[in-house]
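Single-structure report; data block below.
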Amino acid sequence: MYARYFRRHALQQRISRVRVIDERILGTRKGTLIRRLTGQQFTEVRRHGKHLFAAAGTTWLHLHFGMTGDLAFYTDSAEEPRFARVVFDFESGGHLAFEDMRLFGIVDLTHDPEDYIRDHRLGLDPIDPNFNLREFRRHLRKRRGAIKPLLMSQTLVAGVGNLYADETLFRAGIHPLRPIERLTPNDVKKIYANLRRVLDEMVALKARQGEYSPRSLVMHREENDHCPRCRGEIRRAVVGGRTTYYCGRHQV
DNA sequence: CGACAAGCCTGGTAGC
DNA sequence: TGCTACCAGGCTTGTC
């Protein structure tokens, strides 16, 4: 719920200063970022998967949260996060920090979010009503190879990473290496339904800072653990270069 | 102290 | 042959 947080704390605030603490997080030149944002105010916020866009003056600030990216708003400078990479100081005295321990995120500018999404071939946002079973099927038709990397590819839906891809297949009872061409129409339907469910559930969970269900795979990402659904053994494999966990019994 | 985990982009290559 | 999709590798750093 980065967008909501950004809206609540930064909308209509005038930026008195932009501080770049670690240039490695930038996707644009430091001088450009500072020049184009200083003195402006954020007037509109949009979200697309793990990307956030905020209009300011004639440009848009673009944030990508990667794995450890987060926002922190504070008024007391002593509360500046340890891994703050870019901080926006507001005239009101507040500060909004983009923090990112692992630097997998990005901070840059774009002239239009729509263009950015198109240029980077990002798939639909999972809550976009245009993302439906039909669209999912249409996308699968031109793909080959294992199902898991497809779920993670940003050209399908923006924002599905390793954990959520595993969780989706776990619930759908599909093996992560199952070739796309060997999925029955019913398998596809199950994957789609579970992908929706997982994303909705995880977003809701984050919003209220809840905990993962003990019945979810997320809580059993360890080899030789037992499946919370069927007691089968949890297996580990590398799929698409990513560590993958699945139940050796009910995921076929 | 080295291996590992994460999201996702890049660049080289296999396939239609 | 030319495009597209696939896949390995790389970035970073706290934790085991």
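The values are calculated or read from the model by the stated rules, or taken from the named source; none is laboratory data. Everything quoted here is computed from the prediction, not taken from an experiment. Note that we place each Cβ from the backbone using ideal geometry, even for glycine, and neighbour counts take in every protein chain shown.
Of all positions in the range A:28-35, at least one carries a residue that is in contact (Cβ under 8 Å) with a residue 60 or more places away in the chain and surrounded by 14 or more Cβ atoms within 10 Å (Cβ to Cβ). Quick check: anything in the range A:132-148 within 12 Å of DNA strand B (Cβ to nearest atom), at pLDDT 90 or above and surrounded by 14 or more Cβ atoms within 10 Å (Cβ to Cβ)? Checked the range A:132-148: at least one residue is within 12 Å of DNA strand B (Cβ to nearest atom), at pLDDT 90 or above and surrounded by 14 or more Cβ atoms within 10 Å (Cβ to Cβ). Checked against the criterion of being touching a Phe, Trp or Tyr at 6+ places or on another chain (Cβ under 9 Å), more than 16 Å from DNA strand C (Cβ to nearest atom), outside any loop (DSSP other than H, G, I, E, B) and among the β-branched types (V, I, T), the range A:193-203 contains one or more residues that satisfy it.
If you go through the range A:1-19 and keep only what is assigned to a strand (DSSP E or B) and over 23 Å from the mean Cα position of the chain (by Cα), you end up with A:R14, A:I15, A:S16, A:R17, A:V18, A:R19. Looking at the range A:46-59, can you tell me whether even one residue there is over 24 Å from A:L199 (Cβ atoms), within 16 Å of DNA strand C (Cβ to nearest atom) and touching a strand residue (DSSP E or B) at 6+ places or on another chain (Cβ under 7 Å)? No, the range A:46-59 has no match at all. Residues of the range A:85-105 that are at pLDDT 95 or above and surrounded by fewer than 20 Cβ atoms within 10 Å (Cβ to Cβ): A:D89, A:E91, A:S92, A:G93, A:G94. Does A:R8 satisfy being closer than 19 Å to A:F83 by Cα and of a type in the set (K, R)? No, not satisfied.
Is there a residue in the range A:39-47 that is within 13 Å of DNA strand B (Cβ to nearest atom) and not assigned by TED's automatic domain parsing to the domain that holds A:L199? Yes, that holds for at least one residue.
Residues in the range A:205-250 that are within 16 Å of DNA strand C (Cβ to nearest atom), free of Cβ contacts under 8 Å to residues at least 24 places away in the same chain and not polar (S, T, N, Q): A:M219, A:E222, A:E223, A:D225, A:R236, A:V238, A:G241. When the range A:165-197 is filtered for residues that are within 10 Å of DNA strand B (Cβ to nearest atom) and either over 20 Å from the mean Cα position of the chain (by Cα) or at pLDDT below 90 (or both), only A:E181 remains. Of all the listed residues (A:R24, A:R46), the sole one being touching a Leu at 6+ places or on another chain (Cβ under 8 Å), assigned to a helix (DSSP H, G or I) and under 30 Å from A:S153 (Cα atoms) is A:R24. Considered as a group, the residues in the range A:231-252 that are part of a loop (DSSP other than H, G, I, E, B) and out of contact with any strand residue (DSSP E or B) (no Cβ under 6 Å at 6 or more places or on another chain) include one that is surrounded by the most Cβ atoms within 10 Å (Cβ to Cβ), and that residue is A:Q251.
Among the criteria (1) within 13 Å of A:L169 (Cα to Cα); (2) modelled with pLDDT of 90 or more, the one A:V218 does not fulfil is (2).
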